[in-house]
Amino acid sequence: MTLQQLEYIIALEEYGNFTRAADACGVTQPTISTMIQRLEAELGVAIFDRTRQPVVATDVGENIIAQAKVVLGEASKMDALVQEQYATL
């Protein structure tokens, strides 16, 4: 599991479409699709229901996405901490 994969699932939830989510993330549609599939395989669950348009999160997917937002928020805090530390040198 990578922070990048977490960013991708959040983007897909937001845009409901692989192409638009990929554009927002600056990658190709096959890239975002593959990375999300790998995360789903790693976790052993479907995060998204791909049979619906727009694509929607499954029940477990909603919980995973909520946690992904927390994780990315904490990672952002770590970046800020490092920047703050180096700003004082």
Some residue of region 49-57 being among the acidic types (D, E), surrounded by fewer than 18 Cβ atoms within 10 Å (Cβ to Cβ), more than 12 Å from I10 (Cα to Cα) and in contact with a Gly (Cβ under 9 Å, 6 or more places away or on another chain): yes
Verdict on L6 being under 13 Å from I64 (Cα atoms) and free of Cβ contacts under 8 Å to residues at least 60 places away in the same chain: no
Residue within region 64-73 that is touching a strand residue (DSSP E or B) at 6+ places or on another chain (Cβ under 7 Å) and surrounded by 14 or more Cβ atoms within 10 Å (Cβ to Cβ) present: yes
Within the chain, helices (runs of 4 or more DSSP H) holding 2 or more residues that are among the β-branched types (V, I, T) and in contact with a Phe, Trp or Tyr (Cβ under 9 Å, 6 or more places away or on another chain): 29-43
Residues satisfying the stated conditions in region 1-48, i.e. open to solvent by 50 Å² or more (accessible area, probe 1.4 Å) and polar (S, T, N, Q): T2, Q4, T19, T28, Q29, T31, T34, Q37
Long-range neighbours under 6 Å by Cβ, at least six apart or interchain, first residue without any contact (Cβ under 8 Å) to a residue 60 or more places away in the chain within region 60-89, second open to solvent by 60 Å² or more (accessible area, probe 1.4 Å): I65/E13
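The values are calculated or read from the model by the stated rules, or taken from the named source; none is laboratory data. Treat the numbers as computed from the prediction; the structure is a model and nothing was measured. So basically every Cβ, Gly included, is an ideal-geometry build from the backbone, and we count neighbours across all protein chains shown. Quick note on the areas: whole protein, heavy atoms, side chains included, nothing else; ligands and nucleic acids left out. Shrake-Rupley method; radii C 1.70, N 1.55, O 1.52, S 1.80 Å.
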